[in-house]
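Q: Here it is, the structure, as structure tokens.
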Amino acid sequence: QDVMDIEVKPKPSRPHWYERHVQPCVAELLGSALFIFVGCLSVVEDSGGTGRLQPALAHGLALGVTVAVLGDI
């Protein structure tokens, strides 16, 4: 009777090759592209009085958005 009450837990399956290899590469590509694009765009559109503050804020916000969107990967 006691032997039949034991639950058999299935082994956790290994993630698919796409999740292990392709998804992190795509996330890195998108994150880097967004980070570089926003950073370069903030320097090009730099207004006279902001100095280093505008590119620094743009990079920080781009990094925050990238982590928020792609953080689960």
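Since every read-out is calculated from the coordinates, none of them should be taken as a lab result. These figures come from a predicted structure and were not determined experimentally. For neighbour counting, all protein chains shown are included, and Cβ atoms are generated from backbone atoms with ideal geometry for every residue, glycine included.
Q: Using per-residue counts of other Cβ atoms within 10 Å, averaged over each peptide, order 30-43, 10-23 from highest down. If you can, show how the numbers build up before the last one.
A: On the way: 30-43: 14.3, 10-23: 9.1.
Ranked by mean Cβ neighbours within 10 Å, highest first: 30-43, 10-23.
Q: Sticking with this one: In the range 8-52, if the dipole is taken from +1 on Lys/Arg beta carbons and -1 on Asp/Glu beta carbons about the Cα centre, which of 24, 35, 12 is farthest to the positive end?
A: Farthest towards the positive pole: 12.
Q: In units of 2.2 N^0.38 Å, what is the alpha-carbon radius of gyration of the range 28-72? Kindly include the intermediate steps, with their values, before the conclusion.
A: Numbers: Rg = 11.2 Å, N = 45, 2.2 N^0.38 = 9.3 Å.
Against the empirical 2.2 N^0.38 Å value, I get 1.20 for the range 28-72.
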